[in-house]
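Working notes, structure below.
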């Protein structure tokens with residue numbers, strides 16, 4: 001774990017996040033109108049707060065499942081090697097699926113997950129990311145829906161961590177090292 005001292009500067013307020021999640025839920029409801037059940041797949045661990053808030057706003061029949069993929073470990077930069085640490089419990093073949101990601105950075109993790117899930121034959125596979133950092137993209141991929149586009153900064157809060165800390169912040173903040 002990184003032991004340098006740091007401070008966190010608020011980037012996106014809790015109020016702004018709540019308003020954006022509500023708006024995104026309305027767009028998703030329109031897009032999946034008429035579905036018999038939407039399987040909402042959260043990418044652990046960073047998406048757990050976002051997925052909880054999002055599904056509470058959806059006026060659709062939903063099932064929630066989780067997949068854990070890692071390309072960071074305890075580091076601040078992607079290793080570009082994606083590992084599946086926890087797979088889905090349920091089947092997605094022939095179903096409507098929405099993958100919920102906390103942040104699209106290099107794109108390696110989301111690309112890997114979408115290839116894996118596509119191979120399982122969902123009827124429809126869409127993505128939503130709370131944060132998008134396009135300046136860091138190394139894989140040509142974009143989420144169907146995005147909450148906020150952010151600059152190239154290391155962020156924490158609202159489920160997103162730095163070495164398993166700061167997930168409980170109600171806002172998104174940037175990490176600034178003081179040493």
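Take the residues in the stretch 159-169 that are touching a strand residue (DSSP E or B) at 6+ places or on another chain (Cβ under 7 Å) and in a loop (DSSP other than H, G, I, E, B), then tell me which one is nearest to residue 99 (Cα to Cα). Quick ask: steps written out before the conclusion?
Step one: filter the stretch 159-169 for residues touching a strand residue (DSSP E or B) at 6+ places or on another chain (Cβ under 7 Å), giving 159-160, 162, 166-167, 169.
Pick out the ones that are also in a loop (DSSP other than H, G, I, E, B) and you get 159, 166-167, 169.
Details: 159: 16, 166: 23, 167: 20, 169: 23 Å.
It comes out as 159.
How many residues are buried (at least 20 other Cβ atoms within 10 Å of the Cβ) and closer than 22 Å to residue 40 by Cβ when one looks only at the stretch 147-179?
Qualifying residue count for the region: 6.
Considering only residues that are surrounded by 15 or more Cβ atoms within 10 Å (Cβ to Cβ) and closer than 15 Å to residue 90 by Cβ, which ones fall in the stretch 34-43? Give the steps one after another, and end with the answer.
Within the stretch 34-43, the subset surrounded by 15 or more Cβ atoms within 10 Å (Cβ to Cβ) is 35, 38-43.
Within the stretch 34-43, 38, 39, 40, 41, 42 meet the criteria.
Of 125, 130, 88, which residue is in contact with a helix residue (DSSP H, G or I) (Cβ under 7 Å, 6 or more places away or on another chain) and either part of a loop (DSSP other than H, G, I, E, B) or in contact (Cβ under 8 Å) with a residue 40 or more places away in the chain (or both)? Break it down stepwise before answering.
Working: 125 fails: either part of a loop (DSSP other than H, G, I, E, B) or in contact (Cβ under 8 Å) with a residue 40 or more places away in the chain (or both); 88 fails: in contact with a helix residue (DSSP H, G or I) (Cβ under 7 Å, 6 or more places away or on another chain).
Just a single option satisfies the conditions, and that option is 130.
Going through the stretch 28-59 one residue at a time, which ones are more than 17 Å from the chain's Cα centre (by Cα) and in a helix (DSSP H, G or I)?
29, 30, 31, listed by residue number.
Scan the stretch 1-33 residue by residue and report those that are surrounded by fewer than 16 Cβ atoms within 10 Å (Cβ to Cβ) and over 20 Å from residue 59 (Cβ atoms).
1, 2, 3, 4, 5, 7, 9, 10, 13, 14, 15, 16
For residue 50, state whether it is under 30 Å from residue 178 (Cβ atoms) and either modelled with pLDDT under 95 or touching a strand residue (DSSP E or B) at 6+ places or on another chain (Cβ under 7 Å) (or both).
Details: under 30 Å from residue 178 (Cβ atoms): yes; either modelled with pLDDT under 95 or touching a strand residue (DSSP E or B) at 6+ places or on another chain (Cβ under 7 Å) (or both): yes.
So residue 50 fits the description; yes.
Are any of the residues in the stretch 141-158 in a strand (DSSP E or B), farther than 18 Å from residue 50 by Cβ and at pLDDT 95 or above?
In the first step, residues of the stretch 141-158 are kept if they are in a strand (DSSP E or B); the result is 145-149, 155-157.
Right, trim to farther than 18 Å from residue 50 by Cβ and you get none.
So far as the stretch 141-158 goes, no, none of its residues is in a strand (DSSP E or B), farther than 18 Å from residue 50 by Cβ and at pLDDT 95 or above.
Output the residue which, of all residues in the stretch 1-21 that are outside any strand (DSSP E or B) and in contact with a strand residue (DSSP E or B) (Cβ under 6 Å, 6 or more places away or on another chain), is farthest from residue 174 (Cα to Cα).
Residues of the stretch 1-21 that are outside any strand (DSSP E or B), as a first pass: 1-5, 13-21.
When the remaining residues are screened for being in contact with a strand residue (DSSP E or B) (Cβ under 6 Å, 6 or more places away or on another chain), the result is 4, 20.
Working: 4: 15, 20: 19 Å.
In this case the residue turns out to be 20.
The values are calculated or read from the model by the stated rules, or taken from the named source; none is laboratory data. These numbers come from a predicted model, not from an experiment. Cβ atoms come from the backbone with ideal geometry, glycine included; neighbour counts cover every protein chain shown.
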